[in-house]
1. When you scan the range 101-198 for helices (runs of 4 or more DSSP H) that lie fully inside it, which ones turn up with 1 or more residues that are open to solvent by less than 20 Å² (accessible area, probe 1.4 Å) and at pLDDT 95 or above?
2. For GLU31, indicate whether it is within 22 Å of SER124 (Cα to Cα), open to solvent by 30 Å² or more (accessible area, probe 1.4 Å) and at pLDDT below 90.
3. Hey, can you tell me all the residues within the range 101-129 that are out of contact with any Gly (no Cβ under 6 Å at 6 or more places or on another chain), hydrophobic (A, V, I, L, M, F, W, C) and without any contact (Cβ under 8 Å) to a residue 40 or more places away in the chain?
4. Restricted to the range 77-100, and to residues that are farther than 20 Å from ASN16 by Cα and either without any contact (Cβ under 8 Å) to a residue 12 or more places away in the chain or of a type in the set (A, V, I, L, M) (or both), which residue is surrounded by the most Cβ atoms within 10 Å (Cβ to Cβ)?
5. Just one of GLN25, GLN60 is outside any loop (DSSP other than H, G, I, E, B) and surrounded by 16 or more Cβ atoms within 10 Å (Cβ to Cβ); which is it?
Amino acid sequence: MEISTPLTLKMGNLMNESQFFQFCQLNEGVEFERDSSGNMIILPLRGALFSLLNVNLSGQLWNWNKKNQTGLIFSSSTGFTLPNGAVRSPDVSWVRKEKWNSLSEEQQQFFAPICPDFIIEIHSVPEEKQYLLDKMREYINNGTQLAWLIDYLHDKVYIFNAANEITIKNSLNVILSGESILPGFSLDLGAVINKIRI
């Protein structure tokens, strides 16, 4: 039997934000998101190569942030409640310190009610392409300033900016700029890909 992913369960108003958080904690090891209508999205478990790429990308950003110290980096297991009510979990995300510090300690412990300033998503499951493109637009519409969708399956990179402009690179052998959002940060994506392919 073939099931398309990600799988969306129509939920309506069955769970409020606190109940959804508790549900996710009870089902640790399964990745859930929630759209702006309250529907639950079950995301597929990823392969080892995806995890390797994710860790390497996070590491590159971490090295830059260690010197810059203007924000915080979050892993793919972090949920954020966006202004439109959706709960999303980017593969890699970065939030400005002042935005994070504006939250209460209680807000920081749950699905923080903020939209990351910078995110990376990795396309590694064939059926997810349109879902991820829609999610990138949602991030931008909710306050993300710069977003990269790395399409590992088709050797493309989609770059979204705050003006809702999309630049497409038809190769993974590119150097990506953090622009004014992450000043001084550049990612040699080709070098990262070659490292994990060895």
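The values are calculated or read from the model by the stated rules, or taken from the named source; none is laboratory data. This structure is a prediction, so every number in the text was calculated from the model and none was measured. Ideal geometry is used to build each Cβ from the backbone, glycine not excepted, and the neighbour counts take in all protein chains shown. We work out accessible area using only protein heavy atoms, side chains counted, and drop any ligands, DNA or RNA first. Shrake-Rupley method; radii C 1.70, N 1.55, O 1.52, S 1.80 Å.
1. It comes to 129-141, 189-197.
2. Judged against the criteria, GLU31 is a match.
3. Those that are out of contact with any Gly (no Cβ under 6 Å at 6 or more places or on another chain), hydrophobic (A, V, I, L, M, F, W, C) and without any contact (Cβ under 8 Å) to a residue 40 or more places away in the chain: LEU103, ALA112, ILE114, ILE119.
4. VAL92
5. One residue alone meets the criteria, GLN60.
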